[in-house]
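What follows is one structure encoded as structure tokens, with my remarks underneath.
Values quoted throughout were computed directly from the atomic coordinates according to the rules given, and no laboratory measurement underlies them. Computed from a prediction, not measured in an experiment: that's the story for all the values here. Here the Cβ positions follow ideal geometry from the backbone for every residue, glycine too, while neighbour counts run over all protein chains shown.
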């Protein structure tokens, strides 16, 4: 049986900034909703159901903060639920919205959310509490230290220098300088990255994503709805998710399923999405990629998990410019998560940016001729992975 | 106009049940300075820290295996930034596969000068042999022990 | 709109230990899921995807669902989570199977009692802009709802007391909120629920019997602020009801169901729900109570499981009601057409509603 097709008909995103004291949390959600509705040329009343995109409650400081967002997304008396897969939440929310339509439950649905990470006193303090209280939480783990250790294992396995990591930052900042919605959009140099202070070795300040505030929203519709109204749409042709063990220490040692150096389940997730989309050779068939990589080193294993490079090959290929705008397969043409991270919607923005690229409306950071795009999100302790393929 | 902000803090306390498996592990650390893992009979792997079941085979683990005190570094990092609620920097921590174990156990690394990070990173490189040291006063926690470079 | 696939509940497990047994959360979830798989005569390899639901503040984990990856069999599998409500996990699981891209889904929710005060955890759900300074927890919101109902329906306080008494005594727990007298509610307990759904082809291929077929499903949310609502009514429940009844073809709800599993944090909430669902209208409450319609074994077969009034695993009560209603149908003689209704509510003064109808016939 062929899968019913689902298309993206509206995209909205904030201009992301460090703080937005002019807007409450629900105000930020509404900002993105209004942008997506304007893009789709729809009114709130046209939306049949809502998937709310929100990662840890503690990050916005409101328990079940989706309840407060009900009015911001116009969900009163409508079908409404919230998705949370940590950092992958944004793309998992789009997947959940996709399933509503593919299941036949409705014809037009919106997913939306926002984050104000800048209002959270210290996101690493909150993020330490993601680990289990029995074994791993007593350690000073946070997402930075967790992914620093991934980088150390990656460097040990394949070779990656701190200058190689800096190369990712320089590329993404250059891309972000073309994107008015990016939070960190000032260009930088290898030297500037290398002289920034260590946070968690080998990750330096400039290797880290910022804590961003802003919202995102996407409107999806069934093929029938799109054709009946003769709308332009970007089609979601592949959807995949996959998870790894909760325990970091189980991704090391002997006989493990996943190596913490790599992004095993991200790779499995991409395989599922590619299979559904009929992509057999991603290096040839994918034109643009928005891959969730909050720290410079994690872009390498994400590129490899997406099948855009062989294992350990992305480092020299990035150095050679293969993933630049103008290169063979631009990666994170928007500047990516490294330049903007409003956690609850970050992975949604990855998909939104891939969709804008294949729609040909990405603006200053448009990749010429992009027709097939991919996006990913990583959540939990490098544990939940969501991926999608979009096509014009 | 004046844009107002408000400070809020969450102060909720929890009493988490650790279960039989973790309770045995911590009791042995506290009372006998011994580290135990659980073997998964299906895969033969020894899980450290011990789990009641293997999340790869989804079978209950079957027997206790004493591991360490020696082991090899599987991952490390050195932290130079101050985070609210976490220890004052600098400090090094990471994961060690103890002798007899198949998975890695998290803990602090001590006895390495962290002032020159490049030099310290060479000393803590993946694959380096370490040994486990125990605190004088132990309460049954992963902070009751740490790792030092084997000398 | 009808879903693209017919879907049935093929296995389940409920764990509500009478006393804390010292198990860790991961151990509890592992045993629960293994039990649900045995009930369905399946192994984890038959499970295509997993949906989980838990609450960060109850669990004391910043992303509570992370505990699920290993314990529920999620390693190398596909997990989504709906922390908004336990019944939303069921909705999501059903939708995924209905796409035809999955044949089975495992759905799991849990609610520990390791937090010092559940009420304190609930108060964090009051927004910091207008409501955080108020002592607003779930029970306070139920009391506020009771006060509005009492102002709209003459004698509501007595009706609620009579309703509660007619269900038999289950203890004398004190909610310590106005209008909610002792024995109308029960204290939070640890609980966890798992169930497995599959599509009709999978069920036929495996020769499975004793299926609870999902006949109708509706879910909706009320607006966010209590001050914007008439708490004696439930317009979101009306929307959810219309979806579910429309799909299941229910036109005479009072006589349609052989069993009801309805949210009962206090009697006031159950009465509002019974009214909106058209099972016992406001005008009929006193008559139905007097006739013993809500008593154990009574005409309406109201909450044969005992509901949250007997044992209250706060966050997963909705999913438990779904399993209890499905189990009623699974236990029915297969020759007779039977329907059971599950209603789930959560949030302040029942912000979220879900209505789920199960039948013996595909």
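Once fully extended, how much extra length lies between residue B:131 and residue B:7, figured as 0.36 nm per residue of separation less the alpha-carbon to alpha-carbon distance? Could you put the intermediate results ahead of the total?
Numbers: separation 124, 0.36 × 124 = 44.64 nm, distance 4.50 nm.
Taking residue B:131 through residue B:7 to full extension adds about 40.1 nm, to one decimal.
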Quiz item: Regarding region C:31-72, what whole-number volume in Å³ per residue does the convex hull of its Cα atoms give?
Solution: 77 Å³
Quiz item: Between C:332, C:36, C:160, which gets the highest mean-square fluctuation from a Gaussian network model of chain C, Cα cutoff 10 Å?
Solution: C:332
Quiz item: Label point 7 Å out from residue C:19 along Cα-to-Cβ: which residues of region C:172-191 have amide N under 16 Å?
Solution: C:190
Quiz item: Spin-label point model (7 Å from Cα, Cβ direction): what's the residue C:174 to residue B:99 distance in nm?
Solution: 6.2 nm
Quiz item: For the residue pair residue C:165 and residue C:208, what label-to-label distance in nm results when each label sits 7 Å from Cα along the Cα-to-beta-carbon direction?
Solution: 4.6 nm
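What percent do you get for the relative contact order of region C:204-362 when only Cα pairs under 8 Å and 6+ apart count?
Numbers: 297 pairs, mean separation 54.9, N = 159.
Across region C:204-362, relative contact order equals 35 percent.
Rounded to the nearest 0.05, what FRET efficiency do residue C:299 and residue C:201 have when you use their Cβ-Cβ distance and R0 = 30 Å? Write down the numbers at each step before the final one.
Details: r = 38 Å, r/R0 = 1.26.
The value I calculate is 0.20.
Enter the mean number of other protein chain beta carbons within 10 Å of the beta carbon of each residue in B:4-12, as an integer.
Values: counts 2, 3, 5, 2, 7, 2, 9, 2, 11.
So the per-residue partner count for this stretch is 5.
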Practice problem: Could you line up B:55, A:381, A:27, C:48 from fewest to most neighbouring Cβ atoms inside 10 Å? | Solution: A:27, C:48, B:55, A:381
Quiz item: In region A:177-201, which residues have a backbone nitrogen under 18 Å from the label point lying 7 Å from residue A:22's Cα in the Cα-to-Cβ direction?
Solution: A:180-184
Quiz item: Which distance in nm do the two modelled labels at residue B:91 and residue A:191 give, with both placed 7 Å along the Cα-to-Cβ direction?
Solution: 3.7 nm
Quiz item: Ranked by Cβ crowding within 10 angstrom, fewest neighbours first, how are B:54, A:14, A:243 ordered?
Solution: B:54, A:14, A:243
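To the nearest µm²/s, what D does Stokes-Einstein give for region A:123-265 at 4 °C and 1.567 mPa s, using the Kirkwood radius over alpha carbon pairs as Rh? If you can, show how the numbers build up before the last one.
Numbers: Rh = 18.6 Å.
Stokes-Einstein gives a translational diffusion coefficient of 70 µm²/s.
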Quiz item: How far is helix A:343-359 tilted off the main Cα axis of chain A, in degrees rounded to 10, range 0 to 90?
Solution: 70 degrees
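To the nearest whole percent, what portion of all C-alpha pairs in region C:1-124 is separated by more than 22 angstrom? Spell out each step's value before the answer.
Details: 2680 of 7626 pairs.
I get 35 percent for the Cα pairs in region C:1-124 exceeding 22 Å.
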Quiz item: Restricting attention to the alpha-carbon atoms of region A:330-390, what are Rg (one decimal) and Dmax (integer), both in Å?
Solution: 11.6, 36
Practice problem: Report the relative contact order of chain C, percent, no decimals, based on alpha-carbon pairs under 8 angstrom and at least 6 residues apart. | Solution: 22 percent
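What do you get for Rg/Rh of region A:1-111 when both radii come from the Cα atoms and Rh is the Kirkwood radius? Numbers along the way, then the final one.
On the way: Rg = 14.0 Å, Rh = 14.6 Å.
Ratio of gyration radius to Kirkwood radius: 0.96.
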Exercise. Starting from the eigenvalues of the Cα gyration tensor, five times each then square-rooted, give me the equivalent ellipsoid semi-axes of region C:316-362, largest first, whole Å.
Key: 25, 9, 5
Quiz prompt | Relative compactness, region B:19-149, computed as alpha-carbon Rg over 2.2 N^0.38 Å | solution = 1.10
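For residue C:291 and residue C:362, FRET efficiency with R0 = 30 Å and r from the beta-carbon atoms, rounded to 0.05?
Once the sixth-power term is evaluated, E becomes 0.30.
May I ask you to sort B:78, A:110 by Cβ crowding, counting other Cβ atoms within 10 Å and putting the fewest first?
Numbers: B:78 24, A:110 31.
With the sparsest Cβ surroundings first, the list reads B:78, A:110.
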Practice problem: Grab every C-alpha pair in chain C, bin the distances at 20 angstrom width from 0 up to the longest one, and report whole percents. | Solution: 32, 60, 9
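Rounded if a/c is under 1.5, else prolate if a/b beats b/c, else oblate: with a ≥ b ≥ c from the C-alpha gyration tensor eigenvalues square-rooted, which is region A:299-350? Please list the in-between numbers first.
Details: a/c = 2.52, a/b = 1.67, b/c = 1.51.
Taking the square roots of the gyration eigenvalues as a ≥ b ≥ c, region A:299-350 is prolate.
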Quiz item: How big is chain A in terms of Cα radius of gyration and Dmax, in angstroms?
Solution: 19.3, 57
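On average, how much area does the Cα convex hull of the protein assembly as shown cover when viewed from any direction, in nm²? Present the calculation step by step, with values, prior to reporting the outcome.
Numbers: hull surface 141.3 nm².
Its Cα hull, projected and averaged over all orientations, spans 35.3 nm².
At 222 nm, what value in deg cm²/dmol follows for the protein assembly as shown if DSSP H runs of at least 4 each add -39500 (n - 2.57) and the sum is divided by all its residues, to the nearest 500? If you can, show how the numbers build up before the last one.
Values: 30 runs with 285 residues, N = 905.
Helix contribution divided over all residues of the protein assembly as shown: -9000 deg cm²/dmol.
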Quiz item: In degrees, nearest 10, range 0 to 90: what is the angle between the Cα axis of helix A:25-40 and the longest Cα principal axis of chain A?
Solution: 60 degrees
Quiz item: How many Cβ atoms of partner chains, on average, are near each residue of A:105-112 if near means within 10 Å of its Cβ?
Solution: 2
Practice problem: Starting from the Cα gyration tensor of region A:49-135, multiply each eigenvalue by 5, take the square root, and state the resulting semi-axes largest first in whole Å. | Solution: 27, 15, 10
Quiz item: With the Cα gyration tensor of region C:215-359 giving a ≥ b ≥ c as the square roots of its eigenvalues, does the rule (a/c under 1.5 for rounded; else a/b larger than b/c for prolate; else oblate) give rounded, prolate or oblate?
Solution: rounded
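For peptide C:348-361, compute the average count of partner chain beta-carbon atoms within 10 Å of each residue's beta-carbon.
On the way: counts 2, 0, 0, 4, 7, 1, 2, 0, 0, 0, 0, 0, 0, 0.
For this peptide, the per-residue mean of nearby foreign Cβ atoms is 1.
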Quiz item: For region A:236-392, what is the largest minus smallest coordinate of the Cα atoms on each principal axis, given in angstrom and ordered from greatest to least?
Solution: 45, 33, 31
